[in-house]
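Q: I'd like to ask you about the structure that follows.
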Amino acid sequence: MPGPARATSIPVAVVHGAKPGPVLALVSGAHGTEYSSIIALERVITRIDPASLSGTVIIVPLVNVNSFEMKVPHVNPVDNKSMNRFYPGRMDGTQTERALYLMTKEVVDRCNYLIDLHGGDIDESLRPYSYWPLSGNAQQDAISKQMALAFGLDHIIIAADRPKDPAASRYLDNTANTRGKPAIAVEAGHAATTETDDIELLANGCFNVMRFLKMLPGTVAFVENPVWIESVQNMASDATGIFYPLVRRGTYVVQGMKVGYITDYVGRTILEARAPASGVVLYIRAVPSMTKGETIANIGVVAKQAP
Ligand SMILES: [Zn+2]
């Protein structure tokens, strides 16, 4: 069938360990052009050794196959929906909604823990960070916090604003967390690149979490002094034109500092983008194309106290 009603197929690898243990789900490619995260899970599939594994790892490296094949960022080009915004999904919906319904049933419901891997998309110059989504259950949140610290990215966003209703969970990590399964989301990569540093951060992070969960032997190196981010300020553009950045991903900015500007198509400056708060540039637009409403940068505000 053409259009949003047509069928899709999502690749999955399941690795059963020689010994019993928990089930960990690793998912990437909801955004099919966040290439570092996809390649990272390809490496995990290749490297994982069932003989030394306790439990099962479900690996879904490319949820959004159409995005990858057509090189379309952010959405599934079949129905123009983000494949990380329509959880828990529904079977009577468009392709994205049906695919996410099956992700909920076949992956989330079958796992005990989950990691959702992302990276800066084609138009995002991103510095690596994790999300620690709070479920409201202290015991569960303590486990997901340890997962984030074990994963190893040194900037961690405290995501306290995720939906609490499992029927309206929206994001994948949230779908797991609202169903009692500790889950985190992680991001590394930028602007369609596949740099070894980013890929290895993500692949090694997955193995570190397996060690934390006692699915693999070995000691875990937790992040000792993470930068905790208490809120993320999104800078949306009020103008359409050509974007020029003045700072890089990871730059620390103070409130009011100019982070970039936008000109019209004949070089006249039409907008100066100033940081709405002091913090770290989690990502900044990686391409000159800018249309009204799109993101200029995300600024992470550093928490005054560690949680
Ligand atoms: Zn993403």
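Q: Does at least one position in region 282-289 carry a residue that is at pLDDT 95 or above and closer than 16 Å to Val227 by Cα? Walk me through how you get there before you give the answer.
A: To start, the set of residues in region 282-289 that are at pLDDT 95 or above comprises 282-289.
Subset that is closer than 16 Å to Val227 by Cα: 282-283.
Taking every residue of region 282-289 in turn, at least one turns out to be at pLDDT 95 or above and closer than 16 Å to Val227 by Cα.
Q: Oh, and also: Filter region 60-75 down to the residues that are under 26 Å from Glu294 (Cβ atoms), away from the ligand (no atom under 12 Å from the Cβ) and either part of a loop (DSSP other than H, G, I, E, B) or in contact (Cβ under 8 Å) with a residue 40 or more places away in the chain (or both) and list them by number.
A: So in region 60-75, the residues under 26 Å from Glu294 (Cβ atoms) come out as 62-75.
Then drop every residue that is not away from the ligand (no atom under 12 Å from the Cβ), which leaves 62, 65-66, 68-72.
Leu62, Val65, Asn66, Lys71, Val72 - these are the residues of region 60-75 that are under 26 Å from Glu294 (Cβ atoms), away from the ligand (no atom under 12 Å from the Cβ) and either part of a loop (DSSP other than H, G, I, E, B) or in contact (Cβ under 8 Å) with a residue 40 or more places away in the chain (or both).
Q: Kindly provide the set of residues from region 107-135 that are farther than 16 Å from Thr8 by Cβ and part of a helix (DSSP H, G or I), ordered by number.
A: Within region 107-135, just Val108 meets the criteria.
Q: Okay, moving on. Does Val57 qualify as being in a strand (DSSP E or B), within 17 Å of the chain's Cα centre (by Cα) and among the hydrophobic types (A, V, I, L, M, F, W, C)?
A: Taking the combined requirement at face value, the residue does not satisfy it.
Q: So, Val65, is that one open to solvent by 20 Å² or more (accessible area, probe 1.4 Å), among the aliphatic types (A, V, I, L, M) and within 22 Å of Ala13 (Cα to Cα) or not?
A: Numbers: open to solvent by 20 Å² or more (accessible area, probe 1.4 Å): yes; among the aliphatic types (A, V, I, L, M): yes; within 22 Å of Ala13 (Cα to Cα): yes.
For Val65, the condition - open to solvent by 20 Å² or more (accessible area, probe 1.4 Å), among the aliphatic types (A, V, I, L, M) and within 22 Å of Ala13 (Cα to Cα) - is met.
Q: Does at least one position in region 136-150 carry a residue that is touching a strand residue (DSSP E or B) at 6+ places or on another chain (Cβ under 9 Å), assigned to a loop (DSSP other than H, G, I, E, B) and open to solvent by 20 Å² or more (accessible area, probe 1.4 Å)?
A: Taking every residue of region 136-150 in turn, none turns out to be touching a strand residue (DSSP E or B) at 6+ places or on another chain (Cβ under 9 Å), assigned to a loop (DSSP other than H, G, I, E, B) and open to solvent by 20 Å² or more (accessible area, probe 1.4 Å).
Q: Restricting attention to region 112-126, which residues are acidic (Asp, Glu), closer than 27 Å to Met290 by Cβ and either more than 9 Å from the ligand (Cβ to nearest atom) or open to solvent by less than 10 Å² (accessible area, probe 1.4 Å) (or both)?
A: Result: Asp121, Asp123.
Q: Select the strands (runs of 3 or more DSSP E) contained entirely in region 186-274, then report the ones holding at least 1 residues which are open to solvent by 70 Å² or more (accessible area, probe 1.4 Å) and of a type in the set (Phe, Trp, Tyr).
A: Output list reads 241-245.
Q: Here are some residues: Thr96, Thr104. Which one is part of a helix (DSSP H, G or I) and surrounded by 22 or more Cβ atoms within 10 Å (Cβ to Cβ)?
A: Thr96
The values are calculated or read from the model by the stated rules, or taken from the named source; none is laboratory data. Owing to the predicted nature of the structure, the values given are computational and were not obtained by experimental measurement. Don't worry about glycine lacking a Cβ; one is built from the backbone with ideal geometry, like all the others, and counts go over all protein chains shown. Calculation scope for accessible area: heavy atoms of the full protein, side chains included, ligands and nucleic acids excluded. Shrake-Rupley method; radii C 1.70, N 1.55, O 1.52, S 1.80 Å.
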